[in-house]
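The values are calculated or read from the model by the stated rules, or taken from the named source; none is laboratory data. Everything quoted here is computed from the prediction, not taken from an experiment. FYI the Cβ positions are ideal-geometry reconstructions off the backbone, even for glycines, and counts take in every protein chain you see. These area figures cover heavy atoms from the full protein model, side chains too; ligands, DNA and RNA do not enter into them. Shrake-Rupley method; radii C 1.70, N 1.55, O 1.52, S 1.80 Å.
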Amino acid sequence: QIDPISMAERFPYYDLDGQLAAQAAEIHAIIVGREEAIARAYWDAFNALPSVERAVEGELLESYIRGSARHTETKYADAAGQEVATIACQNAHMARRVKLPLALVMSCIAESQRLTIEYVVAACIDDAAQLARLVSAVNRLALLEFDIMQRYAEKLDRAVISSERQTLAGDFDRSIASLVQDTDGVREQLAKQAASADQAAKGMIAKTSEV
């Protein structure tokens, strides 16, 4: 079990003015009820990736969209909460399992982010200052998400390397043990052969003495 990245540790790096959570809550108020559309934008982009040989469809797609919609809601409603970081780690784990580069995951997130920004622009069309603040918040939250995913992916990679090293060490130990056993067997065989030769020599000496 590999623990998820701590949101409490990473969030402050993207919240230098202390306003990111509040700005995320403003974004949440704007997109509420539209989370599924934002989630669908992600999965439409995912299915359009050249590297995806089999598109996600049907009920599986709908279940993924519902999950991503939940993630979108939490991402803005509770931006500093651990659940957001844990979901990002789960997504990184899934990407590693299907051998999907995180850069492609982020390209899909960018599509959902584009739609989020469209909603923000429409809501802040008469307030340039608010628009600038909220678009900046959308971007910082995306960077935070990638930061968490990348760090978790590195933890997964280190765990795999450690496991492979343990396996190699185990194989080496078994090989050495086998070699020692083989060497002991050779020594035992040589000892037997030497004893037989010694016995034969003694026999020949005895016969010579009789003559």
Practice task
Please go through region 28-91 and write out the GluC sites (Glu not before Pro) that DSSP classes as loop and that have at most 11 other C-beta atoms within 10 Å.
Solution key: Glu53, Glu57
Exercise for the section: Can you sort Arg158, Arg140, Arg151 by 1.4 Å-probe accessible area, starting with the largest? Expected result: Arg158, Arg151, Arg140
Fill in the blank from the handout: Simple SL model, points at 7 angstrom along Cα→Cβ for Arg97 and Ala25; separation in nm is 3.5 nm
Problem - Where labels lie 7 Å past Cα in the beta-carbon direction, separation of Asp17 and Glu59 in nm - result: 4.8 nm
Practice task
Please turn the phi angles of region 105-115 into ³J(HN,Hα) values with the Karplus equation 6.51 cos²θ - 1.76 cosθ + 1.60 (θ = phi - 60°), one per residue in order, whole Hz, x for glycine and proline.
Solution key: 4, 5, 5, 6, 4, 4, 5, 5, 5, 4, 5
Fill in the blank from the handout: Note, region 23-38: 3J(HN,Hα) by Karplus (6.51, -1.76, 1.60, θ = phi - 60°), whole Hz, Gly/Pro = x, goes 5, 5, 5, 5, 5, 4, 5, 6, 9, 3, x, 10, 4, 5, 5, 5
Handout entry: Whole-Å semi-axes of region 42-83's equivalent ellipsoid (Cα gyration tensor)
Key = 25, 12, 7
Exercise for the section: May I ask you to give the average projected area over all directions of the convex hull of the Cα atoms of region 71-143, in nm² rounded to one decimal? Expected result: 4.9 nm²
Handout entry: Vicinal HN-Hα couplings computed from phi for region 55-72 (Karplus, 6.51 cos²θ - 1.76 cosθ + 1.60; Hz; Gly/Pro x)
Key = 5, 7, 9, x, 5, 4, 4, 5, 5, 5, 5, 4, x, 5, 5, 4, 4, 4
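What's the FRET efficiency of Ser107 with Asp3 using the Cβ-Cβ distance as r and R₀ = 25 Å, to the nearest 0.05? Intermediate values should be presented prior to the final figure.
Values: r = 28 Å, r/R0 = 1.10.
The calculated FRET efficiency here is 0.35.
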Problem - Per-residue SASA entry for Met149, accessible area with 1.4 Å probe, Å² rounded to 10 - result: 0 Å²
